[in-house]
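Worksheet: the structure to be examined is printed underneath.
The values are calculated or read from the model by the stated rules, or taken from the named source; none is laboratory data. The model shown is predicted, which means the values in this text are computed figures rather than measured ones. Positions of Cβ are generated from backbone atoms using ideal geometry, with glycine treated the same way; all protein chains shown enter the neighbour counts.
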Amino acid sequence: MLEKLDGRYLVTFLAVLEEGSFSRAADKLGYVQSTVTSQIQLLEQTCKQKLFHRLARGVQATDAGERLAVYARQFVQLGRSLEEALGSMEEPQGIVRVSALESFCVTRFSGFLEPFLAEFPGISLHLATGFQGDIVEQVLSHAVDFGIVPKDPSRDDIEFEPLVVERMALVSSAGLGAQLNDKGFSSFTGLQIIGFGNRCVYHTDGQKLLLELGMPLDARTAELPSTELIRQMISYGAGVAYMPEITMERELAEGTIVRIPLQEPSVLTHGLIRHRDRVLNVPARVFRQRLLEWFHPTDGHG
């Protein structure tokens, strides 16, 4: 099969996969749509598999297409790395793809971005948000160069490099906190757990803590899409949440939000993850080095 593969077809295949449309992929690549269609057909003939389901509003990868994507991304990445190795690049140029938790982006990552992008204007950072399980899958499928997650996945095929130990807190409004302190969790009815939902480590870990504190099994949950909405709901007294302290530091300082006492301090270690077999291009290597230096300025990483 290898001798029949054309690198251009794999680039086109990935463009169709990312855009979800032959026409949008053609626009992205500067082709006419018939060229994209022809290249995908030739690639399907080479693979002897149907790679896309043709839908009314675009296309969706088949199971075979999803499997091919893992190798196509590595093929394209190796080609870029080879080009860099054989060329003379005065400054890093290219795309670095990163996926991280939304709460980490708004509290920890935003301060890093401005100086990094100012120092390396040739690097384009493509940042996506997701939950731990999603991010790990993106790293395993080579859809991203790096992920930033709140827990070490503990997998042999993933490299985990600690960035920051995050202090976690079980929080509520001051009024609700006083009621919980007076009545206790076991006798408090109508308690609501607020968070990102069961796909989020914060939410699931918080549920475990609350059960240990005596929370009724029938407690309601509110699944919200952003840190800001969770912060607002907690401030209004709508429920309790388990979140990094940094996301609520202003409200905690003002006293509008309070910590619910825990028997032991609670922490999570956020870290940078990448596939052990991924060959990092120059922009990705620079990004990793600068990010580790940002969080560990005296450790000499890189």
Q. Got at least one residue in region 67-77 being farther than 30 Å from Glu228 by Cβ, among the β-branched types (Val, Ile, Thr) and free of Cβ contacts under 8 Å to residues at least 24 places away in the same chain?
A. no
Q. Can you tell me which residues in region 198-212 are in contact with a helix residue (DSSP H, G or I) (Cβ under 9 Å, 6 or more places away or on another chain) and either among the aliphatic types (A, V, I, L, M) or surrounded by 15 or more Cβ atoms within 10 Å (Cβ to Cβ) (or both)?
A. Cys200, Val201, Tyr202
(Q) For the list (1) closer than 28 Å to Glu249 by Cα; (2) assigned by TED's automatic domain parsing to the domain that holds Ala219; (3) not in a strand (DSSP E or B), I need the number of the one condition that Ser187 fails. (A) (1)
Q) With Pro283, Pro261, Pro244 as the choices, which residue is of a type outside the set (D, E, K, R), in the same structural domain as Leu224 (by TED's automatic domain parsing) and buried (at least 16 other Cβ atoms within 10 Å of the Cβ)? A) Pro244
Q) Taking Met215, is it in a loop (DSSP other than H, G, I, E, B), crowded, with 18+ Cβ neighbours inside 10 Å and not assigned by TED's automatic domain parsing to the domain that holds Ala100? A) yes
Q. Quick check, is Arg250 more than 17 Å from Asp145 (Cα to Cα), in a helix (DSSP H, G or I) and either aromatic (Phe, Trp, Tyr) or over 18 Å from the mean Cα position of the chain (by Cα) (or both)?
A. yes
Q: Taking only region 23-46 into account, find how many residues are among the aliphatic types (A, V, I, L, M) and outside any helix (DSSP H, G or I).
A: 1
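So that you can scan it fast, the table gives a plain yes or no per residue for (1) at pLDDT 85 or above; (2) in contact with a helix residue (DSSP H, G or I) (Cβ under 8 Å, 6 or more places away or on another chain); (3) farther than 30 Å from Leu125 by Cβ:
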{"position": "Ile246", "(1), (2), (3)": "yes, yes, no"}
{"position": "Glu249", "(1), (2), (3)": "yes, no, no"}
{"position": "Pro265", "(1), (2), (3)": "yes, no, yes"}
{"position": "Arg274", "(1), (2), (3)": "yes, yes, no"}
{"position": "Leu291", "(1), (2), (3)": "yes, yes, no"}
{"position": "Trp294", "(1), (2), (3)": "yes, yes, no"}
{"position": "Gly300", "(1), (2), (3)": "no, no, no"}
Q. Just for region 264-280: of the residues that are of a type in the set (D, E, K, R) and in a loop (DSSP other than H, G, I, E, B), which one is surrounded by the most Cβ atoms within 10 Å (Cβ to Cβ)?
A. Arg278
Q: Would you mention how many residues in region 47-74 are surrounded by 19 or more Cβ atoms within 10 Å (Cβ to Cβ), aromatic (Phe, Trp, Tyr) and not in a strand (DSSP E or B)?
A: 0
Q | Members of region 220-244 that are over 12 Å from Ala169 (Cβ atoms) and in contact with a helix residue (DSSP H, G or I) (Cβ under 7 Å, 6 or more places away or on another chain) | A | Ala222, Leu224, Ser226, Thr227, Arg231, Ser235, Gly237, Gly239
Q: For region 79-99, enumerate the residues that are surrounded by fewer than 15 Cβ atoms within 10 Å (Cβ to Cβ) and modelled with pLDDT under 70.
A: Glu83, Ala85, Leu86, Gly87, Ser88, Met89, Glu90
